[in-house]
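Since the structure comes first, as structure tokens, the remarks are kept for the end.
The values are calculated or read from the model by the stated rules, or taken from the named source; none is laboratory data. Since this is a predicted model, take the numbers as computed values, not measurements. Note that we place each Cβ from the backbone using ideal geometry, even for glycine, and neighbour counts take in every protein chain shown. In case anyone asks, the SASA skips ligands and DNA or RNA and just uses the protein heavy atoms, side chains included. Shrake-Rupley method; radii C 1.70, N 1.55, O 1.52, S 1.80 Å.
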Amino acid sequence: MRPVRQLFLLPFLLLVFASSGLCFTDVTTLEFKGFTLGMSLEQAVKTLKARAYRENRDIRVFSSGEYAISAYFQNDIPLHLVSAKESDYTDMTLQFANNELLMLDAKTRYVTADQARALPDKYTRIFGPFDFRGEKLSRDTAVLFWLWGGESIRPETPPMAPHVQVQIISKRENGKETPESEELRMVDVPKLMGVQYAETLEQYLKGNALYAAKVEEGRKLAAGHIPKIQAAIDGDDRYRQVKLNPFEDTILVSGVVKQGDLNPLKEMVAATDPPLKITWNVREYPAEVFKQK
């Protein structure tokens with residue numbers, strides 16, 4: 001068995017589908033080292049100073065415990081990038097648009113294998129139960145990832161909603177895997193996309209307000225309709241591992257089922273006449289996977 005699996009992975013079905021409850025984590029309420037999505041640049045700088053960081057205006061000579069601020073514009077949207085060097089092994093970057101934190105990225109290179117083994121418990125203590133986890137393997141790399149704020153099949157395509165993603169990257173060589181680094185990314189995707197595509201600050205602000213209103217309306221519709229879908233599938237053993245969640249302005253149906261059981265589920269959901277889009281993240285697996293030992 002692969003070393004990384006020995007360290008981190010629970011039984012197969014738990015790996016395939018794990019969730020924290022009836023709805024996804026509200027990532028905007030989570031805090032990492034004093035930073036939260038939506039906080040201002042001024043608040044972030046105060047947080048850095050409170051942690052004894054020193055400002056360094058010459059980023060060419062960047063030492064541990066120092067930060068630097070770069071200012072620029074995307075069209076006429078004011079942007080700031082804060083780079084902070086926590087130690088010789090950990091760097092952080094914080095991206096601000098219109099004085100609002102939209103992304104925090106922290107990368108750590110490993111010193112010991114114990115740090116890698118402690119990773120899941122470490123971030124569960126910080127953020128609480130995760131919403132999803134998975135892995136991706138390639139010829140020379142293995143990536144294990146955990147998500148708060150949604151679900152994703154692949155680490156490179158996380159949810160379009162605000163989310164926190166933690167991943168451990170291991171080098172694969174001669175049939176062995178050696179953990180090399182971890183990365184945490186806390187990101188408000190819709191607003192980052194607004195920065196990318198808005199042509200003016202006014203358009204950016206209006207787009208954010210419209211998106212927030214659409215999400216709120218979708219959540220209300222989803223909350224009212226999910227019990228109808230739940231009543232339709234309750235008692236059907238085929239769908240014991242299927243869950244329903246409000247997700248942005250859709251209803252997310254996720255889980256695992258036996259091969260051949262997905263289309264009947266879609267028909268049952270459609271028969272409830274959903275008032276908004278259904279997002280499907282249900283995977284089919286051979287019946288042998290579900291056999292009880």
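Numerical summary
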read-out	value
Breaking point among (1) modelled with pLDDT of 95 or more; (2) within 12 Å of the chain's Cα centre (by Cα); (3) within 30 Å of ASN75 (Cβ to Cβ), for PRO158	(1)
Test for GLY150: is it closer than 25 Å to GLY255 by Cβ, not in a strand (DSSP E or B) and not polar (S, T, N, Q)	yes
Residue match in the range 32-40 (condition: under 30 Å from LEU137 (Cα atoms), at pLDDT 95 or above and not assigned by the TED database to the domain that holds GLY224)	yes
Hits in the range 67-82 - residues which are open to solvent by 30 Å² or more (accessible area, probe 1.4 Å) and either part of a strand (DSSP E or B) or not assigned by the TED database to the domain that holds GLU42 (or both)	ILE69, SER70, ALA71, TYR72, PHE73, GLN74, PRO78, HIS80, LEU81
Test: residue in the range 46-59 that is modelled with pLDDT of 95 or more, under 30 Å from LYS206 (Cα atoms) and open to solvent by less than 60 Å² (accessible area, probe 1.4 Å)	yes
Residue count for the range 166-209, restricted to those that are of a type outside the set (Gly, Ala, Ser), part of a strand (DSSP E or B) and under 23 Å from ARG154 (Cβ atoms)	17
Whichever residue in the range 83-114 is open to solvent by 30 Å² or more (accessible area, probe 1.4 Å) and within 17 Å of LYS49 (Cα to Cα) and, among such residues, is modelled with the highest pLDDT	THR93
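Residue-by-condition table, conditions (1) assigned to a loop (DSSP other than H, G, I, E, B); (2) without any contact (Cβ under 8 Å) to a residue 60 or more places away in the chain:
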{"position": "ALA231", "(1), (2)": "no, yes"}
{"position": "ARG238", "(1), (2)": "no, yes"}
{"position": "ASN245", "(1), (2)": "no, no"}
{"position": "MET268", "(1), (2)": "no, yes"}
{"position": "ASP273", "(1), (2)": "yes, yes"}
{"position": "LEU276", "(1), (2)": "yes, yes"}
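For (1) open to solvent by 40 Å² or more (accessible area, probe 1.4 Å); (2) of a type in the set (S, T, N, Q); (3) under 12 Å from ILE229 (Cβ atoms); (4) assigned by the TED database to the domain that holds ILE233, each residue gets a yes or a no:
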position: SER254; (1), (2), (3), (4): no, yes, no, yes
position: VAL257; (1), (2), (3), (4): no, no, no, yes
position: LEU262; (1), (2), (3), (4): no, no, no, yes
position: LEU265; (1), (2), (3), (4): no, no, yes, yes
position: MET268; (1), (2), (3), (4): yes, no, yes, yes
position: THR272; (1), (2), (3), (4): no, yes, yes, yes
position: PRO275; (1), (2), (3), (4): yes, no, yes, yes
position: ILE278; (1), (2), (3), (4): no, no, yes, yes
position: TYR285; (1), (2), (3), (4): yes, no, no, yes
